[in-house]
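This report concerns only the one structure given below.
Taken together, the values in this text are just the output of simple stated rules run on the coordinates, not laboratory data. The structure displayed is predicted, hence computed values, not measured ones. Every residue, glycine as well, gets a Cβ built from its backbone with ideal geometry; the counts of neighbours run over all protein chains shown.
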Amino acid sequence: MGVSRKKIPWAPKIDYNQCNLCDGDPQCFKFCPHDVFTIEKEPRKLVVNKPNHCVVFCRSCRRVCAPNALSFPNKAEILKMIKQERGF
Ligand code: SF4
Ligand code: SF4
């Protein structure tokens, strides 16, 4: 997109009031092939460890989250930001 990935704030956000770690079998963690999530120990907790590994505008892991605990930035706003960065 002509903009450094680090400047694009696209990554999942975890609602810890909803995330139940899929009763011990975290589906988003298993699903994403890009090493975005990790599981912290003590207390066991899902975290977004590498937000810049998330594919810009991908939201696929949201589909595997039964409690709907994952959200993403507003795509239109991010597109606007990218265009501004590129000088359009
Ligand atoms: S899929 Fe949803 S509930 Fe399961 S670990 Fe991920 S965020 Fe938590
Ligand atoms: S949105 Fe896509 S790339 Fe990003 S964490 Fe989810 S599955 Fe991985």
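Using only Cα atoms, find the angle between the long axis of helix 75-86 and the longest principal axis of the chain, and express it within 0 to 90 degrees, rounded to the nearest 10. For helix 75-86, the angle is close to 40 degrees. Sites listed here are trypsin sites (Lys or Arg not before Pro) in the chain whose DSSP assignment is loop and whose Cβ has at most 15 other Cβ atoms within 10 Å: LYS41, ARG44, ARG59.
Working from Cα pairs under 8 Å separated by at least six residues, relative contact order for the chain is 41 percent.
Taking amide H positions as modeled 1.01 Å from N, with prolines and chain starts lacking one, no residue 5 or more places away or on another chain lies under 5 Å from VAL56.
Normalised by residue number, the volume inside the convex hull of the Cα atoms of the stretch 5-86 is 90 Å³ per residue. Maximal additional length on extending the GLU85-CYS58 stretch stands at 7.7 nm, based on 0.36 nm per residue less the C-alpha distance. Given +1 at the Cβ of Lys and Arg, -1 at the Cβ of Asp and Glu and no other charges, the dipole of the chain around its Cα centre is 440 debye to the nearest 20. In the chain, helical runs assigned H by DSSP with n ≥ 4 each contribute -39500 (n - 2.57); averaged across all residues and rounded to the nearest 500, the mean residue ellipticity at 222 nm is -5500 deg cm²/dmol.
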